[in-house]
Amino acid sequence: MKMGLRLKSSLIYASIIIITVAVIYFGAGYMLRTSFGDYLVKRISAERSSVLSSIKDAYTDEGWDAAILSGLIGKAANAGMGMVIYDLSVKMVASSSGQGMMGRMMRGRGMSGMWNKPRTVSETYDIQKGGALIGSAFVTYQNIFLTDYDEEFLQKFYTFLLVSGAVMAAVAVVLGIVFADTVIGPILKVLGMAGELKKGNYSMRVSGKVDTKEIRQLYEGMNVLAEEMGGQEALRRRMAGDIAHELKTPVTIAMAHLEGMEDGILPLSKENISVSIAEMQRLSELAGKLEQVARLEGKLDVLDMKHALLHEICAEAVDAVRPLFSTKGMKVGCAVTGSPKTLALDKASMRQALDNILMNAFKYAPEGGEVSARTSYIDEFAEITIVDDGPGIAEKDLPFIFERFYRTDRSRSRGSGGMGIGLALAKSIVEAHGGSIRAESSFNDGTKFVIRIPYGVE
Ligand code: ADP
């Protein structure tokens with residue numbers, strides 16, 4: 001059965017209280033049966049001894065004093081004992097019959113359900129005075145006898161337990177509802193937000209004063225989720241546009257040339273055919289790079305790992321691009337710090353990752369810019385830092401530059417950008433090595449790329 005949180009928590013609270021009261025009720029009953037029962041037995045035997053030891057005082061030289069005997073028999077009756085006193089000739093001198101004693105005993109039985117079954121005990125005692133036998137006393141009593149006060153106390157005690165149990169159960173139900181309400185409100189909010197996310201509305205956020213830690217964490221988690229889903233959605237839309245653009249441009253150019261030649265508008269020349277081929281090559285190159293990223297992301301055994309020194313690969317990459325950099329009056333330097341240690345590396349792939357980053361620095365930096373690459377051998381990893389003094393990357397673009405096809409607006413409009421695959425590929429390569437890559441930059445203030453590769457198991 002599906003129950004609402006409100007009903008569920010009320011029932012849980014009420015059940016806890018009912019179980020507690022039942023345990024106290026039966027536990028107290030058991031305790032009373034043992035301890036209070038013992039006490040009753042002891043009390044009756046003390047009363048009996050007290051009455052029996054006083055009977056001799058009612059015997060004087062003139063015979064039995066009826067007034068004293070009546071008082072003692074009354075006392076015995078109050079304690080729940082019937083008593084008949086005989087003289088030496090076994091003639092009855094006093095008796096408790098007619099003192100309301102049986103009535104008391106019957107009332108005493110009223111509570112007997114809670115006790116071990118009361119037993120009627122009959123005993124005969126000799127009465128002596130000054131060492132001489134003067135008579136005997138026949139005593140009858142129930143081994144458990146409750147006085148009116150005992151009964152009243154027990155009745156009150158049990159009533160108190162039942163009433164307080166009922167009150168506590170009622171309070172528990174109310175508390176359960178109040179508790180459920182403090183949880184239900186936020187849950188309903190989160191449910192509402194989940195519904196909005198499902199509909200594709202990622203701008204909604206949950207807020208409000210919350211003093212429960214878990215609920216606050218739930219709110220924060222939901223808001224982060226909505227933020228990320230919104231970001232992913234924006235990226236997905238942008239990517240779809242970018243892919244279309246990347247595919248359309250070369251196809252349009254190639255088509256225009258081929259159709260122009262077919263219609264006789266363009267001469268059927270080697271140059272015009274070469275333009276079409278170049279555009280097709282561009283498409284093929286794009287497909288090849290995409291395939292490479294996908295393969296590396298699958299982290300299949302695509303890397304050809306060998307022990308190598310990272311700074312040597314870095315120096316080779318820098319040396320290779322230096323002539324190109326000089327065409328733009330740019331300087332590129334390379335350095336190493338720490339004691340070089342070999343790493344398991346796929347040299348060709350790692351070189352490609354570095355090439356992509358260096359080529360970006362070349363593409364986006366203005367004439368006469370400066371680029372420096374430094375390899376540092378640190379405790380658990382080696383790190384390459386490539387810094388340029390180019391235009392930098394805006395804060396809003398930074399989280400996305402490693403995504404496939406992502407290009408900033410600026411590089412797009414300037415037409416200097418590539419296909420938006422270079423950094424995605426660099427990231428796949430570095431991560432396939434178990435490493436990480438990140439970029440730090442601010443608009444108009446250069447860019448810094450940091451690649452970390454762990455030494456791993458030697
Ligand atoms: P692209 O082929 O467009 O260069 P990348 O994946 O290599 O694609 O880079 C993604 C985007 O990041 C680029 O379009 C560019 O806007 C930005 N970018 C990368 N490196 C730099 C850099 N050194 N300086 C400024 N912007 C950069």
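The values are calculated or read from the model by the stated rules, or taken from the named source; none is laboratory data. From a predicted model like this one, the values you see are computed outputs, not experimental measurements. Methodologically, a virtual Cβ is constructed for each residue, glycine included, from the backbone with ideal geometry; neighbour enumeration extends over all protein chains shown.
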It is to be established whether one or more residues within region 33-41 are of a type in the set (D, E, K, R) and touching a residue at least 12 places away in the same chain (Cβ under 8 Å). yes
I'm checking my understanding of the structure. Among residues of region 291-313 that are in a helix (DSSP H, G or I) and at pLDDT 80 or above, which one is farthest from G333 (Cα to Cα)? E291
Yes/no for T337 being under 15 Å from V450 (Cβ atoms), touching a helix residue (DSSP H, G or I) at 6+ places or on another chain (Cβ under 7 Å) and modelled with pLDDT of 95 or more: no
Which residue, of I73, I55, I68, is buried (at least 16 other Cβ atoms within 10 Å of the Cβ) and touching a residue at least 40 places away in the same chain (Cβ under 8 Å)? I55
Scan region 323-354 for residues that are surrounded by fewer than 16 Cβ atoms within 10 Å (Cβ to Cβ) and part of a helix (DSSP H, G or I) and jot them down. P323, L324, S326, A348
The one condition in (1) surrounded by 17 or more Cβ atoms within 10 Å (Cβ to Cβ); (2) under 40 Å from the mean Cα position of the chain (by Cα); (3) more than 8 Å from the ligand (Cβ to nearest atom) that D379 fails to fulfil: (1)
Residues of region 31-52 satisfying the condition of being within 14 Å of M81 (Cβ to Cβ), loosely packed, with under 15 Cβ neighbours inside 10 Å and aliphatic (A, V, I, L, M): V41, A46
